[in-house]
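*Asks:* The structure under discussion is supplied below as structure tokens; questions concerning it will follow.
The values are calculated or read from the model by the stated rules, or taken from the named source; none is laboratory data. All of these numbers come straight from a predicted model, not from anything done at the bench. All Cβ positions, glycine included, derive from the backbone under ideal geometry; neighbour counts span all protein chains shown. When the accessible area is computed, the model is the full protein with side chains, heavy atoms only, and any ligands, DNA or RNA have been set aside. Shrake-Rupley method; radii C 1.70, N 1.55, O 1.52, S 1.80 Å.
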Amino acid sequence: FKGGDTCEYLLSSGRFLGEKVWQPHSCMMHKYKNSEAKNCLIDKHIVFIGDSRIRQLFYSFIKLINPQVKEEGNKHGNILFEDKSTSIKVDFLWYPEVNSSMRQRIKSWTEGPVAKPHIIVAGAATWSIKIHNGSNEGLTQYKINITSIAPLLEKLAKSSDVYWVLQDPVYEDMLSESRKMITNEKIDAYNEAAVRILNSSSRNSKAKVKVFSVSKLIAQETIMKSADGLHLPESSRDTNAMILMNVYCNKIMKPIDGSCCQPQPPLTLVQKLAFCFFTLSIIGYLIISLIHRNNYRKNKSCTDLESGEEKKPAISPPNVSTLEMLLYSFCKLGLIMTYFYLCDRANLFMKENKFYTHSSFFIPIVYILVLGVFYTENTKETKVLNREQTDEWKGWMQLVILIYHISGASTFLPVYMHIRVLVAAYLFQTGYGHFSYFWIKGDFGVYRVCQVLFRLNFLVVVLCIVMDRPYQFYYFVPLVTVWFMIIYATLAIWPQIVQKKANGNCLWHFGVLLKLISLLTCIYFLSYSQGAFEKIFSFWPLSKCFELNGNVYEWWFRWKLDRYVVFHGMLFAFIYLALQKRQMISEGKGDPLFSSRVSNVLLFISVVSFLTYSIWASSCKNKTECNELHPSVSVVQILAFVLIRNIPGYVRSVYSSFFAWFGKISLELFICQYHIWLAADTKGILVLIPGYPMFNVLVSTFIFVCVAHEISQITNDLAQIVVPKDNSTLLKRLLCIAGFFSGLLLFSAMQDQSRH
């Protein structure tokens, strides 16, 4: 840990990921759009002063504001740019040498009535080398001139952002005869002089001239692509301009994926209260543990002084009380949440941008598939979508999704479309699993509903408090929560039709079908009525749960993307359970699901359907158009997979215990990745061990999986305590939870008001 000044790293160090993606050391760089650049630089005056290389940087910078700008005008003269809509002024002042003329211009900003620029970017040396024919006298004069300018720049740095751009190396083989004296050796000497002289008299860190040395590193990799050996290719100077934009704008705009130059966010009131709560839990647990340990020692067997024999303790070791279990769970959770905060809110660990390559996605996929096949075991039961099989399904899907996120594969459309099917498959299982439970058990009690809601939402609620994020930010949990409530409402409203009732009269099956058709109608209506959907979820307090960035559009988009698949899961469960009840399918160990002929035909159709979908998804050219079709066609590949996995008797009778283990903690893995495996709210990658990418991934993954497993156990323990089976006790707990959320909403409103 070298301190939190990521600006220094951004200006001085980094490396290329691939050909054009620059990765600063220790932090993430945001790619600014022209609208964002305008918002940041509104009413600002920026000046670039120097030679032709600075002019190149000037043009790349103003193209971030207005991409339509063309590089026209007098090359050896001043160039002025103004964006009238935002009152942004960007000037290039032609001063190719560090001399008295440049000094006079800089002095006018420090003493005269002229308004000081907000940002000054200066740099020059190659003309001095050229005019003096690379002589030592030229270098001596350069040192004298920059020594006279340095105090003026430091004076300006007290109120403005001042950057001195070091000279990039040249590609000597391509230089024209008139520039042959400009060698890399001379450039290094001039740069060394500039670095040594600038800030030599300034002790105040805020009044320092910022040395822009990262351009040298970029040029070392790209100067051979230069047209003349002196000037950088366009992609390199665009990178330099983007770095400048990040240095100045990140602290103003605070982009999630721009961690460079961003200060650590201050703790909110809710975060402070959470910190106090976890601290008290840890202290309380330690006190109770010490009391129990002392009591246990007192009651240990002691020697009978008269007989010389040991007496057995009258009291057995005490069982763990509910209070102790509660404090123990919150104690562990507090330590885990501290790790979450340090990873993704404190500027303690490094963060890096994602960079997609085919190998970074597909090679790990092959690894986990081999591991999954290696850990093959027999299932306890051979029913369609039995517990081991669904855990396995969740597990391998979750691992693929994790690899997709860390590799940045969302930029590759065929992979994106297949991952969308995996997310849809989770929701398909939601529809299938909850429908099957309510249909078979007929349990519509409050206890069941509260247990499911607690297990789904506990971790997310805690993270919303600790990480200061809205509920909708963890979009998948709101999605499965709402769909669970929809499934419950569909089956619980009058008339309540369950399997036991339907077995007595076949007409009840039509009643269930009518309910499912009604649900499909409502889904269809809401999917084509964005206004009605947004009105429903814009009412307070629902709006507090489903708004993101001030509106519910993100929630609408997520819901609409997989709007039919839960219905498909419910319908599949209904048809399967009806066939099972009438013994129309064979689920014996090793037996095919249907007769040999029917099984072979269905298997062939499933394989063709599966491959057809993959071919279509791989040929997608437009993400928006493919997303429009996805809700209707994703079920094709899901059903094809279910049939391929279950029709052959042998395939249905085995499962991968490796994948099933991950499947049991899939929800925790999906949520925890946001902050302790990825970084900057999934936009980047957490770096615990810099300089060793593979070792870093291994270490961070091990910690991440252990934490997810521990949180799963904590959630299960707390669910037994917070959601008891006794109805009167449960009612009291629900009132306490309602009070908790009312207080949370109140504190949240106070927090929002203080921010505004």
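*Asks:* Any idea how many residues of the stretch 136-150 are out of contact with any Asp or Glu (no Cβ under 9 Å at 6 or more places or on another chain), within 10 Å of ASN99 (Cβ to Cβ), of a type outside the set (A, V, I, L, M) and open to solvent by less than 30 Å² (accessible area, probe 1.4 Å)?
*Replies:* The number of residues fulfilling the criteria is 0.
*Asks:* Which one is most open to solvent (accessible area, probe 1.4 Å), of the residues in the stretch 658-686 that are in contact with a strand residue (DSSP E or B) (Cβ under 7 Å, 6 or more places away or on another chain) and on the phi < 0 side of the Ramachandran plot?
*Replies:* ILE685
*Asks:* A follow-up question, please. Given (1) at pLDDT 95 or above; (2) open to solvent by 70 Å² or more (accessible area, probe 1.4 Å); (3) touching a helix residue (DSSP H, G or I) at 6+ places or on another chain (Cβ under 7 Å), where does VAL170 come up short, assuming only one miss?
*Replies:* With (1) at pLDDT 95 or above; (2) open to solvent by 70 Å² or more (accessible area, probe 1.4 Å); (3) touching a helix residue (DSSP H, G or I) at 6+ places or on another chain (Cβ under 7 Å) applied to VAL170, the lone miss is (2).
*Asks:* Could you give me the residue pairs with C-beta distances under 9 Å whose first residue belongs to the stretch 687-716 and is in the same structural domain as ILE403 (by the TED database) and open to solvent by 60 Å² or more (accessible area, probe 1.4 Å), whose second residue is modelled with pLDDT of 95 or more and among the small types (Gly, Ala, Ser) wherever it lies, and which are 6+ apart or on separate chains?
*Replies:* GLN713/SER329
*Asks:* Any idea which residue in the stretch 497-511 is least open to solvent (accessible area, probe 1.4 Å), counting only those that are closer than 18 Å to TYR432 by Cα and outside any helix (DSSP H, G or I)?
*Replies:* Selected residue: ILE497.
*Asks:* In the stretch 593-614, how many are outside any helix (DSSP H, G or I) and either open to solvent by 50 Å² or more (accessible area, probe 1.4 Å) or over 24 Å from GLN580 (Cα atoms) (or both)?
*Replies:* Adding up the residues that qualify gives 2.
*Asks:* Still on this structure, I have one more. What number of residues in the stretch 626-657 are under 17 Å from GLY372 (Cα atoms) and either buried (at least 22 other Cβ atoms within 10 Å of the Cβ) or not assigned by the TED database to the domain that holds GLY588 (or both)?
*Replies:* Final tally of qualifying residues: 3.
*Asks:* When you scan the stretch 639-732 for helices (runs of 4 or more DSSP H) that lie fully inside it, which ones turn up with 3 or more residues that are within 25 Å of GLY334 (Cβ to Cβ) and modelled with pLDDT of 95 or more? Explain how you work it out, then say what you get.
*Replies:* Numbers: elements: 649-652, 657-664, 666-676, 693-722.
So the answer is 666-676, 693-722.
*Asks:* Quick check on this structure: which one of LEU519, LEU514 is of a type in the set (A, V, I, L, M), in a helix (DSSP H, G or I), open to solvent by 40 Å² or more (accessible area, probe 1.4 Å) and assigned by the TED database to the domain that holds PHE574? If you could, list the steps in order and put the result at the bottom.
*Replies:* Numbers: LEU519 fails: open to solvent by 40 Å² or more (accessible area, probe 1.4 Å).
Matching residue, one of LEU519, LEU514: LEU514.
Okay, residues lined up against (1) under 18 Å from PHE484 (Cβ atoms); (2) among the acidic types (Asp, Glu); (3) in contact (Cβ under 8 Å) with a residue 12 or more places away in the chain:
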| site | (1), (2), (3) |
| --- | --- |
| ILE517 | no, no, no |
| LEU548 | no, no, yes |
| VAL552 | no, no, yes |
| TRP559 | yes, no, yes |
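*Asks:* Next question, about the same structure. For the stretch 88-192, which fully contained strands (runs of 3 or more DSSP E) count at least 1 residues that are touching a residue at least 24 places away in the same chain (Cβ under 8 Å) and closer than 20 Å to GLY229 by Cβ?
*Replies:* 119-123, 161-165
*Asks:* Step by step: first the residues of the stretch 82-116, then only those that are among the small types (Gly, Ala, Ser) and more than 30 Å from HIS132 (Cα to Cα), then the one that is surrounded by the most Cβ atoms within 10 Å (Cβ to Cβ). Which residue is that?
*Replies:* The extreme case among them is SER87.
*Asks:* Based on what the data block shows, is VAL384 aliphatic (A, V, I, L, M) and surrounded by 16 or more Cβ atoms within 10 Å (Cβ to Cβ)?
*Replies:* Values: aliphatic (A, V, I, L, M): yes; surrounded by 16 or more Cβ atoms within 10 Å (Cβ to Cβ): yes.
Answer is yes for this residue.
*Asks:* Looking at the stretch 370-388, I want the residues that are over 22 Å from PRO592 (Cβ atoms) and outside any helix (DSSP H, G or I) and have a partner that is aromatic (Phe, Trp, Tyr) and open to solvent by 30 Å² or more (accessible area, probe 1.4 Å) with Cβ atoms under 8 Å, at least 6 apart or on another chain. Which pairs are those?
*Replies:* Here the result reads TYR375/PHE658, each pair linking the stretch 370-388 to a residue that is aromatic (Phe, Trp, Tyr) and open to solvent by 30 Å² or more (accessible area, probe 1.4 Å).
*Asks:* Also: Read through the list (1) in contact with a strand residue (DSSP E or B) (Cβ under 6 Å, 6 or more places away or on another chain); (2) open to solvent by 40 Å² or more (accessible area, probe 1.4 Å), then give the number of the only condition that LYS63 fails.
*Replies:* Single failed check for LYS63: (1).
*Asks:* Further, regarding this structure: Go through ILE42, ILE54 for me and flag whichever is within 22 Å of LEU152 (Cα to Cα) and touching a residue at least 12 places away in the same chain (Cβ under 8 Å).
*Replies:* ILE54
*Asks:* A follow-up question, please. Counting only residues that are charged (D, E, K, R) and either open to solvent by 80 Å² or more (accessible area, probe 1.4 Å) or at pLDDT 95 or above (or both), how many does the stretch 211-229 have? Spell out how you get there, then give the answer.
*Replies:* Filtering the stretch 211-229 for residues charged (D, E, K, R) gives 216, 221, 225, 228.
Then keep just the ones that are either open to solvent by 80 Å² or more (accessible area, probe 1.4 Å) or at pLDDT 95 or above (or both); that gives 221, 225.
Result for the stretch 211-229: 2.
*Asks:* Working only within the stretch 424-441, note down all residues that are within 9 Å of ALA573 (Cα to Cα), open to solvent by less than 20 Å² (accessible area, probe 1.4 Å) and in contact with a Gly (Cβ under 9 Å, 6 or more places away or on another chain).
*Replies:* Across the stretch 424-441, the qualifying residues are GLY431, PHE435.
*Asks:* Further question: Could you say which residue among ARG448, ARG469 is open to solvent by 20 Å² or more (accessible area, probe 1.4 Å), outside any helix (DSSP H, G or I), of a type in the set (Lys, Arg) and out of contact with any His (no Cβ under 6 Å at 6 or more places or on another chain)? Don't jump to the end; show me each part of the working.
*Replies:* Values: ARG448 fails: outside any helix (DSSP H, G or I).
Of ARG448, ARG469, the one residue that is open to solvent by 20 Å² or more (accessible area, probe 1.4 Å), outside any helix (DSSP H, G or I), of a type in the set (Lys, Arg) and out of contact with any His (no Cβ under 6 Å at 6 or more places or on another chain) is ARG469.
*Asks:* Any residue that is under 24 Å from VAL636 (Cβ atoms), of a type outside the set (Val, Ile, Thr) and either in contact with an Asp or Glu (Cβ under 7 Å, 6 or more places away or on another chain) or open to solvent by less than 80 Å² (accessible area, probe 1.4 Å) (or both) - is there at least one of those in the stretch 532-555?
*Replies:* Within the stretch 532-555, none of the residues are under 24 Å from VAL636 (Cβ atoms), of a type outside the set (Val, Ile, Thr) and either in contact with an Asp or Glu (Cβ under 7 Å, 6 or more places away or on another chain) or open to solvent by less than 80 Å² (accessible area, probe 1.4 Å) (or both).
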